[in-house]
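**Student:** Take a look at the following structure, please.
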Amino acid sequence: MKVIQTLADVQALERDEHLPSFYIEVIKNQFLLWYEAENEGEEIQDFYLPSYACIYHFNHANDGRMLQNYVNDIEYVDIERMGGVKYFRIGIMQDHQMSIIYFLEGTLPYRTEKWLEH
């Protein structure tokens with residue numbers, strides 16, 4: 001799992017040659033939306049999302065354990081397909097703070113992904 005709190009975290013994802021460029025753009029756009037809504041005049045390089053309301057990129061099957069801890073806090077599950085690749089976007093609400101989890105199809109166990117689709 002990668003926690004995305006800063007522009008540098010987004011840029012680190014951009015350097016990952018295994019991730020589709022459209023997927024990275026989706027995550028980057030989410031970060032930019034939050035920057036526009038939440039920044040208090042700081043430059044984007046200095047802006048960071050707090051750990052209780054940030055973006056997560058799941059990249060390993062074991063990351064599903066975190067999702068199990070927040071099953072009652074799931075606000076929504078969006079499933080998108082672009083260029084033949086499916087990805088998930090899950091909103092988790094805790095204490096009136098939203099975190100968003102992203103992952104590509106095939107990252108979590110098959111049964112978990114099928115459960116999220118329903």
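**Student:** In the range 1-85, which GluC sites (Glu not before Pro) are in a loop and have at most 14 other Cβ atoms within 10 Å, using DSSP for the loop call? Working shown, then result.
**Tutor:** On the way: sites: Glu14, Glu17, Glu25, Glu36, Glu38, Glu40, Glu42, Glu43, Glu75, Glu80; in loops: Glu17, Glu40, Glu42, Glu43.
Those that pass, being in a loop and sparsely packed, are Glu17, Glu40, Glu42, Glu43.
**Student:** When the chain is fully extended, how far beyond the present Cα-Cα distance does Met98 get from Phe22, taking 0.36 nm per residue of separation?
**Tutor:** Between Met98 and Phe22, full extension yields an extra 25.1 nm.
**Student:** Name the residues whose placed amide hydrogens come within less than 5 Å of the amide hydrogen of Gln94, ignoring near sequence neighbours (fewer than 5 apart) on the same chain.
**Tutor:** Placed amide hydrogens put Ser99 under 5 Å from Gln94.
**Student:** Using the Karplus equation 6.51 cos²θ - 1.76 cosθ + 1.60 (θ = phi - 60°), what ³J(HN,Hα) coupling, rounded to whole Hz, does each residue of the range 109-118 give in order, writing x for Gly and Pro?
**Tutor:** Coupling constants for the range 109-118: x, 3, 4, 5, 5, 5, 4, 5, 6, 10 Hz.
**Student:** Give the aspartates and glutamates whose C-alpha is closer than 13 Å to that of Lys28, dropping any in the same chain fewer than 8 places away, or say none.
**Tutor:** Within reach: Asp9, Glu14, Glu36.
**Student:** Over the Cα atoms of the range 2-117, what radius of gyration and what Dmax do you get, in Å?
**Tutor:** That works out to 14.0, 44 Å for Rg and Dmax.
**Student:** Using +1 on the beta carbon of Lys and Arg, -1 on that of Asp and Glu, and nothing else charged, what's the dipole of the chain about the Cα centre, debye to 20?
**Tutor:** On the way: 9 positive and 20 negative charges, 136 e Å.
That gives the chain a dipole magnitude of about 660 debye.
**Student:** Which residue, chosen from Gly41, Tyr56, Thr6, occupies the Cα position most advanced towards the positive end of the dipole of the range 2-117, where the dipole is computed from +1 (Lys, Arg) and -1 (Asp, Glu) charges on Cβ about the Cα centre?
**Tutor:** The residue sitting most towards the positive pole is Tyr56.
A short reminder: the numbers here are calculations on the coordinates, not readings from a lab. Because the structure is a prediction, the values reported are computed rather than measured. A quick note on method: Cβ atoms are made from the backbone with ideal geometry, for glycine too, and the neighbour counts reach across all protein chains shown.
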